[in-house]
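A short write-up of the structure that comes next.
The values are calculated or read from the model by the stated rules, or taken from the named source; none is laboratory data. All of these numbers come straight from a predicted model, not from anything done at the bench. Virtual Cβ from ideal backbone geometry, glycine too; neighbours counted across all protein chains shown.
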Amino acid sequence: MTIGYEDKSPDTSAMITNEIVALLDRTLQRVHTTTARRTKKFLENQIAKCEEELARAEQNLIDFQKKHRAISLKDQARVAVENVAQLYAQLTLLEIQVNSMLNEGVSYSPELDQLRAQSREIRRKISEIETRGDSLLLGIPLDEYPDLVMEYARLYRDLKVQEIVYEVLKQQYEQAKIEEQRSVPALHIITRAEPPQKKYRPKKALMGVVTAISVFLLTLVWVLVEGYLQKLKSVNPERYRQISALWRFGK
């Protein structure tokens with residue numbers, strides 16, 4: 001992008017151009033900081049909600065274990081539950097991102113469309129798993145597990161989902177804090193404006209060409225009109241006298 005300003009004074013032209021660039025840079029920095037601050041505030045609210053959900057999931061699992069004594073999952077089943085939890089966590093995080101953009105007033109953008117497409121794909125995967133009847137223990141028939149183990153698996157899955165979401169939100173929050181404090185230039189300035197050594201306008205060469213063309217066209221019109229009048233004089237003298245009088249009057 002090239003920025004310039006025309007003025008009769010070369011020094012004034014350079015000074016105003018540099019000031020425009022500095023003003024644009026400050027404006028972009030302010031927009032960046034404001035956006036980061038809003039993002040940080042949004043993440044603070046999401047983290048607070050997630051902490052509540054995480055505490056509730058932890059307590060539910062503790063209460064279940066106290067009530068039913070020690071229940072655990074085999075390693076294969078635990079990995080399966082954690083894999084499904086990853087899908088639910090990804091879906092939750094994508095929905096948070098979509099809501100964040102909608103709160104910013106973004107109703108359409110390629111990024112928003114991409115997030116929604118990713119959400120649809122994860123929902124499709126979850127739906128396929130649930131259709132197979134093994135939404136909790138991926139690839140393991142549910143009828144192999146007692147009801148208490150299944151309930152424990154659900155509670156364990158919910159806890160893992162909240163843990164994953166919480167960790168990602170905390171990372172995003174720390175990044176937003178860094179972005180809010182950044183004061184690096186928003187623009188990369190390649191060359192600062194210097195007082196020009198020669199005039200930008202008027203361009204004498206262009207003016208000379210335009211003048212020459214104008215003189216040529218006017219001369220051509222004059223020659224054509226004079227030729228027409230001479231021909232008309234011999235063909236229609238009366239009409240020639242009328243037009244000739246007007247032509248001399250115009251000149």
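Table for the structure above
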read-out: Residues of the stretch 50-59 that turn out to be within 26 Å of Arg123 (Cβ to Cβ) and exposed (fewer than 15 other Cβ atoms within 10 Å of the Cβ), as a count; value: 3
read-out: Where Ser100 falls short, out of the listed (1) surrounded by 15 or more Cβ atoms within 10 Å (Cβ to Cβ); (2) more than 27 Å from the chain's Cα centre (by Cα); value: (2)
read-out: Any chance Gln171 is at pLDDT 85 or above, exposed (fewer than 13 other Cβ atoms within 10 Å of the Cβ) and not β-branched (Val, Ile, Thr); value: yes
read-out: Verdict on Gln114 being modelled with pLDDT of 85 or more, under 18 Å from the mean Cα position of the chain (by Cα) and among the polar types (S, T, N, Q); value: yes
read-out: Gln90, sole failed condition from (1) farther than 27 Å from Leu155 by Cβ; (2) crowded, with 16+ Cβ neighbours inside 10 Å; value: (1)
read-out: Where Ser107 falls short, out of the listed (1) crowded, with 17+ Cβ neighbours inside 10 Å; (2) at pLDDT below 90; (3) of a type in the set (Gly, Ala, Ser); (4) more than 30 Å from His68 (Cβ to Cβ); value: (1)
read-out: Test: residue in the stretch 61-75 that is in contact with a helix residue (DSSP H, G or I) (Cβ under 6 Å, 6 or more places away or on another chain), surrounded by 15 or more Cβ atoms within 10 Å (Cβ to Cβ) and assigned to a helix (DSSP H, G or I); value: yes
read-out: Selected residue (only one of Val31, Val98, Val81 is assigned by TED's automatic domain parsing to the domain that holds Gln162, more than 25 Å from Tyr173 (Cβ to Cβ) and β-branched (Val, Ile, Thr)); value: Val81
read-out: Among (1) touching a helix residue (DSSP H, G or I) at 6+ places or on another chain (Cβ under 6 Å); (2) within 27 Å of Ile178 (Cβ to Cβ); (3) β-branched (Val, Ile, Thr) - the single one Val81 does not satisfy; value: (2)
read-out: Ser9 being hydroxyl-bearing (Ser, Thr, Tyr) and either touching a strand residue (DSSP E or B) at 6+ places or on another chain (Cβ under 6 Å) or loosely packed, with under 12 Cβ neighbours inside 10 Å (or both); value: yes
